1. Which one is surrounded by the fewest Cβ atoms within 10 Å (Cβ to Cβ) among residues in segment 205-236 that are acidic (Asp, Glu) and in a helix (DSSP H, G or I)?
2. Name the single residue, out of those in segment 112-126 being loosely packed, with under 14 Cβ neighbours inside 10 Å and touching a Gly at 6+ places or on another chain (Cβ under 9 Å), that is farthest from residue 139 (Cα to Cα).
3. Scan segment 237-268 for residues that are in contact with a Leu (Cβ under 7 Å, 6 or more places away or on another chain), part of a helix (DSSP H, G or I) and without any contact (Cβ under 8 Å) to a residue 24 or more places away in the chain and report the count.
4. Filter segment 55-92 down to residues that are in a helix (DSSP H, G or I), in contact with a helix residue (DSSP H, G or I) (Cβ under 6 Å, 6 or more places away or on another chain) and without any contact (Cβ under 8 Å) to a residue 24 or more places away in the chain and give me whichever is surrounded by the most Cβ atoms within 10 Å (Cβ to Cβ).
5. Name every residue in segment 235-273 that is more than 14 Å from residue 185 (Cα to Cα), of a type in the set (A, V, I, L, M) and under 23 Å from the mean Cα position of the chain (by Cα), in order of residue number.
6. Residue 109 - would you say it is in a strand (DSSP E or B), among the hydrophobic types (A, V, I, L, M, F, W, C), out of contact with any Gly (no Cβ under 7 Å at 6 or more places or on another chain) and not assigned by TED's automatic domain parsing to the domain that holds residue 169?
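The values are calculated or read from the model by the stated rules, or taken from the named source; none is laboratory data. Note that the structure is predicted; figures quoted are calculated from it, not measured. Counting neighbours? That spans all protein chains shown, and the Cβs are built from the backbone with ideal geometry, glycine included.
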Amino acid sequence: MHVKENDQERQMEAVLNLLIQYTSALKPDHSQGSLSTTTYSGRFLEQASFVLDQDYRITSFSLSVPETLGHPTIRLLQRELASLLLELSLSSWEQQLQKMKGKVCYHGITALTFLTRNQIPVPAICTISRLLNNPNTIISALFLLKPYSLEEISKIQSDRVLGRTRNDAKLIQCLHDYIMEHLDRPLPTIRQLARMLGTNEFKLKEGFRHYFNTGMHQFHNNERLGKAKLLVIQTDLPLNVIAEQCGFNSYPGFSKAFKKKFGLSPQHLKGSIKI
């Protein structure tokens, strides 16, 4: 297994991966040589805040919480935050609870998916904080809003009918986490991944496609190219180093995949950025 040098590097990589995951939908404006900051592939952002007590029950929140999630205000108070989350996100929330356990001060970041009153998922980037000498937990959530089609809603609600369990969701969450943490290397075969996670190939493929609407290798390729794009735009790293850090064995192969995905080569994108 790849061992990070220290906790700070691990935290920075996790933050970068979250930013890549939720900013990869930004559309490049090639005519201006820059990225549009207002187009978000049909998604819109909404800031919200929660205050939780020592039992992680909601004691206060911003008005954008009921407006976004559709729950009546009175029914949000004293409700456990976990009850608002999609099953797929419960393991991520539980990991944060374990990290906070016994700490008088804490700050972390994670991706969580909330459920509206009508059981529609709303993904969010969440910063989770516990201030010194204060038992409350503060969550600042950046909701990514998207109108869902009837087909997507039907798919979400089909989980119970098809018998998908919380363990299935945890399995796919583990696979997703593994992919995001290893964007710097080629993805193992499905057989190898199934063996690593103690399941069979069919369950892994079917489950991942159900939750992410794409195949594992396509998802991995999209995410590492998204990471590469962010590094090209925001760092001065040489392009061949970026290719290596994103799991490509050669620069020509990286450049070809990058151009196919984004419509221009990494060198062209780099040169188009106005400093």
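1. Here the answer is 206.
2. 118
3. Selection size over segment 237-268: 1.
4. My answer is 66.
5. Selection gives 257 alone.
6. Against the criterion (in a strand (DSSP E or B), among the hydrophobic types (A, V, I, L, M, F, W, C), out of contact with any Gly (no Cβ under 7 Å at 6 or more places or on another chain) and not assigned by TED's automatic domain parsing to the domain that holds residue 169), residue 109 qualifies.
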